[in-house]
Amino acid sequence: MSAANASTAKPPYMLAAEALRKNKGQWKAYESQGNCVILAGPGSGKTKTLTIKMARMLAEDVRTPRGIACITYNNQCARELRRRLAALGVEDGRRAAIGTLHSFCLQHIVLPYARIAGIPVPDPLNVATAEERDKCWAAAVEKIVGTNENPRDWMFRCDHYRRTHLDRDKPEWRGDYEDAAKVIEDYERRLIKRGLVDFEAMVLLGLQLVERHEWVRKALRARFPVLVVDEYQDLGHALHRIVLCLCFTARMRLVAVGDPDQSIYGFTGADPALLQDLAKRDGVEPVRLQMNYRCGPTIIRASEIALGETRGFKSEVHEVGTLDIHCRPQGFDDQADFICDTIIPDALERREGRQLGDVAVLYRSQYDGNEIAKAVEARGWDFIRIDQGNPYPRSPVIFWLEDCAAWCGGGWQSGEPRLSDLVRSWQNFNETITADAGQRALQRDLVKFLHSHRASDQPLRDWLSDFRAACLDSCLAREPRLRDDVITVAKLAEVCGAGARLAGFTVSAFAGQGGAGTHLNLMTLHSAKGLEFDVVILPFLEEGILPNYRTNTDVKLREDRRLFYVGLTRARHEIHLVYSGWYRTPYGSVKNNGESRFLAELRDELVATDQ
C-alpha cells in the first residue's frame with residue numbers, strides 16, 4: 001500500500017488528530033487514558049479537542065454496543081457537538097448519547113430505573129409544559145404565602161433553592177428558607193398529581209437514583225463506560241454529585257471540559273469552584289489549554305485586565321486586534337444609531353468579504369436587546385436575535401427545523417446539512433416509534449416532504465404549514481417529551497402568519513436564524529458564550545447595568561466581571577465598547593451613575609501600560 005493510500009485509509013479522527021500534535025495541551029488531553037479534566041481558556045480549541053478525543057475513545061476504548069454519554073449545558077452546545085462529531089463519522093444516538101443534563105437524567109436514569117427502584121413516578125411520565133409549570137407555581141405560592149405575592153418572583157427564588165439544597169432529609173432544607181421549601185413541596189405535589197415532571201425534578205430524581213442504588217450505577221457504567229461533560233463550570237451541584245457517584249464510586253471514566261473564568265450562571269446554581277476542585281482530585285489528570293487561536297494579543301490583554309487576573313494565555317493569531325471605546329452621551333438611542341450608522345458599516349468596509357454575520361452586538365438583557373433591534377429593523381437588515389425578546393422560542397425541534405430549512409434552501413446541493421443527519425434527528429424525536437417498519441415510514445415521510453419543498457424563496461408560513469400537515473404535528477402530539485414543542489411550533493406559525501412580525505420570512509431567512517453570513521447577530525452576553533465573531537460590539541456599558549445595580553456581594557461582582565470577560569473574548573479582530581454614562585430604566589427613571597467601572601478600569605490600565 002502506498003503512503004498516500006495508507007493515509008487515506010486512516011479513520012477521520014486519526015487524520016484530525018494530527019492537527020493536535022503541535023499543541024502540547026491538546027495532545028496531552030488526546031493521549032490521556034484515565035480521568036481527565038481539561039481546563040480550556042477562550043479560543044483554545046477545546047471543542048475540537050473534545051470531539052476528536054470522543055471519536056477516538058469510541059473507536060479504541062469502548063466496545064460495541066456500549067457507548068459514551070456526553071452531557072453539556074444547553075441544546076445549542078449539544079447541537080454543535082453533534083455537528084462536529086458527525087464530521088468525524090460519529091452518529092448521535094447510536095453509541096454517543098449527547099444532550100443536556102435534564103435529558104440525560106430523564107432518558108437514561110429516571111425512565112429506565114425509577115419505578116424499579118420504587119420511586120412513585122407517574123406512568124406515563126410527561127414533561128410539564130411552561131404553562132402547566134406556571135399554573136402549579138401560582139397555586140402553590142397562593143396556598144403557602146398568599147395572594148399578594150408575585151408567582152414569577154417565587155419561581156425564580158425556588159428554582160435556585162432547589163438547585164442548591166439537594167438533601168431534603170437534612171435540617172437545612174426547611175431551616176434555611178422554610179417558606180421556599182414549603183412552596184416547592186406543594187408545587188411538586190401538584191405536578192405529580194397531574195402525572196407531570198419538570199426539568200429540575202428530572203435531575204433531582206436522577207441524583208437520588210445514582211446516589212442511593214449501587215445497581216443503578218452499575219447499569220449506567222455497563223452501558224456508558226465513559227462519561228464526558230462539556231461546560232462543567234455551568235452545570236451546578238447536582239451534576240457534580242452525579243459525577244462523583246458515577247466516576248469515583250462506580251468507576252466510570254471521566255473526561256470533563258470547562259473554564260472557571262467563564263462561569264456566568266450563578267443564578268442557576270453554577271459554581272466555578274466545583275470544576276477547580278474536580279481538577280485537584282486524586283486520580284484526575286488536569287490539562288490546561290492556554291493557546292488562543294481566536295484573539296490577538298490586544299484582545300487577550302484587555303480580557304485579562306477585565307477579569308482582574310493574569311492567565312498567561314498566548315495568541316496564535318498574527319493580527320494583534322483592536323479595542324475602541326466610544327462615548328455617546330445622548331443615551332441608548334444615540335448608541336444604537338451610532339452602532340448601525342458608523343461602527344458596523346466601517347467594520348464591514350475594513351475587511352474584504354466581511355458580512356453582517358461576522359458582527360455581533362452583545363448586551364445584558366432583553367430590554368437592552370429591544371433598543372438595538374429597533375434600530376436594526378429600521379434599517380431593514382436581516383438579523384438573528386437570541387434572548388427572551390426573540391419572536392419565537394428556541395428548542396431542539398426549532399433548531400432542527402432551521403436545519404431542515406437550510407437543506408431546502410440550498411443545502412441539498414452543498415451537502416450541508418446532511419440529509420442523513422436530519423433523518424437521524426427526526427427518528428430520535430420519534431422515540432415511541434421503535435419498530436423497523438415505523439422507522440422506515442418516518443424516514444420516507446420526511447424525505448418526501450423535504451424533496452418536494454426545495455425552494456429558498458418559499459414563504460416560511462407555507463413551508464411550515466405543509467410540514468406540520470405532512471408529519472410534524474402528528475409527531476408532536478404523540479411524543480411525551482415534545483409537549484412543550486407543540487406550543488413552540490404553534491408560536492412560530494403565529495409569528496410568521498399573514499400580517500405578523502415575521503410575515504415576510506422565507507425558508508432561506510428562517511434557515512439563517514441558525515447562523516448565516518447575511519444576518520447580524522444580536523444576543524445576550526450569556527447566549528454568546530461558546531461563539532466567536534470578527535467584530536464584537538458591547539453597548540450600554542453603564543454602571544448599574546454591567547455590573548448590575550443588584551450586584552451587592554463579592555461573589556456576584558466576580559461573576560459580572562466574568563460576564564464582561566466572556567463578551568470581550570468572543571472577538572477575533574475588533575472590539576467596540578459603547579457607553580453614555582447614564583441610562584433610563586424600563587420603568588422610566590433616569591440613573592446617572594456614569595460609565596461601567598469595568599470599562600473605566602480597562603481604559604485606565606490600557607493607558608497606564610501604554611505609557
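On segment 553-594, 51 percent of the accessible area sits on carbon and sulfur atoms, based on a 1.4 Å probe. Segment 280-346 to segment 209-232: how many Å between their Cα centroids? Answer, in whole Å: 38.
In the context of the full set of protein chains, residues of segment 383-432 present 37 Å² of accessible surface per residue (probe radius 1.4 Å, heavy atoms only). Restricting the GluC sites (Glu not before Pro) of segment 211-317 to loop positions (DSSP other than H, G, I, E, B) with no more than 16 neighbouring Cβ atoms within 10 Å leaves GLU309, GLU316.
When peptides 191-204, 94-107 are sorted by average Cβ neighbour count within 10 Å, with the highest value leading, the order is 94-107, 191-204.
Put the Cα centre of segment 373-400 next to the Cα centre of segment 410-470 and the gap is 23 Å. Taking every protein chain into account, the accessible area of segment 1-142 amounts to 45 square angstrom per residue (probe 1.4 Å). Please work out, to two decimal places, the log10 of the ratio I(q)/I(0) at q = 0.16, 0.17, 0.20 Å⁻¹ from a Debye calculation in which every Cα of segment 426-581 carries one identical scatterer. Log10 I(q)/I(0), no solvent term: -1.00, -1.03, -1.18.
For TYR177, no residue has an amide H sitting under 5 Å from its own, ignoring neighbours fewer than 5 places away on the same chain, with H placed 1.01 Å from N. Estimated purely from DSSP H runs of n ≥ 4, each contributing -39500 (n - 2.57), the mean residue ellipticity at 222 nm for the chain is -14000 deg cm²/dmol once divided by its residues. Entry comment: accessible area of segment 471-611 is 40 Å² per residue, from protein heavy atoms only and a probe of 1.4 Å.
The mean of 1/r over all pairs of different alpha-carbon atoms in the chain, once inverted, gives a Kirkwood hydrodynamic radius of 25.9 Å. Using a cutoff of 8 angstrom between alpha carbon atoms and counting only pairs six or more residues apart, the relative contact order for segment 298-451 works out to 12 percent. A simple packing score, the average count of other Cβ atoms within 10 Å per residue, orders the peptides 77-84, 296-303 as 296-303, 77-84, with the highest score first. Rounded to the nearest whole Hz, the Karplus-based 3J(HN,Hα) values (6.51 cos²θ - 1.76 cosθ + 1.60, θ = phi - 60°) of segment 103-118 follow the sequence 5, 4, 5, 5, 6, 10, 10, 5, 4, x, 10, 4, 5, 5, 7, x, with x at glycine and proline.
For segment 53-142, the Kirkwood estimate of the hydrodynamic radius, built from every pair of different alpha carbons, is 15.5 Å.
Annotation: the antiparallel percentage among DSSP beta bridges lying fully within the chain is about 10. Tell me the relative contact order for the chain as a rounded percent, counting alpha carbon contacts under 8 Å between residues six or more apart. Relative contact order of the chain: 17 percent. This model, with +1 at the C-beta of Lys and Arg and -1 at the C-beta of Asp and Glu, gives segment 480-611 a dipole about its Cα centre of some 520 debye. Plainly put, segment 317-397 has a radius of gyration that is 0.99 times its Kirkwood radius, both from alpha-carbon atoms, as the Rg/Rh ratio. Highest mean packing comes first when the peptides 541-548, 462-469 are listed by Cβ atoms within 10 Å, giving 541-548, 462-469. Measuring between their Cα centroids, segment 159-173 and segment 537-611 lie 34 Å from each other. Our analysis of segment 76-129 gives Rg over Rh at 1.11, with the two radii drawn from alpha carbon positions and Rh computed by the Kirkwood formula.
Rolling a 1.4 Å probe over the protein heavy atoms of segment 295-426, with every protein chain left in place, gives an accessible area that is 46 percent carbon and sulfur. Look at the dipole of segment 93-167 built from charges on Cβ: of ASN150, LEU166, ILE109, the Cα furthest out on the positive end belongs to ILE109.
The values are calculated or read from the model by the stated rules, or taken from the named source; none is laboratory data. Not measured: the values here are computed from a predicted model. Because the Cβ atoms are built from the backbone with ideal geometry, glycine has one as well, and the counts that use them run over all protein chains shown. The accessibility values were calculated without ligands, DNA or RNA, using every heavy atom of the protein model including side chains. Shrake-Rupley method; radii C 1.70, N 1.55, O 1.52, S 1.80 Å.
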